[in-house]
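What follows draws every value from the coordinates through simple rules; no lab data is involved. Fair warning: this is a prediction, and the values are worked out from it, not measured in the lab. In this analysis, Cβ positions are derived from the backbone assuming ideal geometry, glycine residues included, and neighbour counts consider all displayed protein chains.
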Amino acid sequence: MAANSTTTSTTQRKSAPRTTKTSRTDAQRIREGLTKVRNGSVSYARQTAERSVDVPVGAVLTVADRLNEAVEPFTKRETAERELKSFRTQVERELNKLERRGAQSRRKARTRARQTRNRVQRQLKQRRREVETTAKRNRVKAEDSLKRAQTTVSERVSTLV
């Protein structure tokens, strides 16, 4: 076959009738679709298998990195002392924050209690004043009524005697 193809000239090839590929047959299309589905399924299965292996391996590597980061400062005496000093400083800073927050809350509570006490005392004084004023007014009215009644009674007694 190779010999025939080398002996034919290019002019002969051009003059030979062409067979054009018109359309694929249904069977070809079905075979192509099945191949795509098969390749897709294989690809999906491969990806799932890879993922099921990659996730735990990645988790182990992450844990190992974090463990190394946690242990590394304590491998040498100088770095361990520096790390402990840093921890002490952080703890002191947090304690100071908590102390300030507690003191602020205590001051606010004391201020609220003082304001409430002062308000209650003001209201008590105001009500006491109102009660005293009302009692004085009623006493004065009663005394005036009593004096008028006394005067009326004495006038009637004097007219009778």
Find the percent of Cα-Cα distances in segment 30-75 that exceed 17 Å, and round it to a whole number.
58 percent
Please name whichever of Val60, Tyr44, Phe74 sits farthest to the positive end of the charge dipole of segment 30-75, dipole taken about the Cα centre and charges placed at Cβ: Lys and Arg +1, Asp and Glu -1.
Tyr44
For segment 46-118, inverting the pair-averaged 1/r of distinct alpha-carbon atoms gives a Kirkwood value in Å of 17.2 Å
Could you pull out every one of the aspartates and glutamates with an alpha carbon less than 19 Å from that of Lys85, ignoring same-chain neighbours closer than 8 positions?
Glu69, Glu72, Glu94
Sequence of Val161, Val60 once ranked by neighbouring C-beta atoms within 10 Å, starting from the fewest:
Val161, Val60
With +1 on each Lys and Arg Cβ and -1 on each Asp and Glu Cβ, how big is the dipole of segment 82-143 about its Cα centre, in debye rounded to the nearest 20?
240 debye
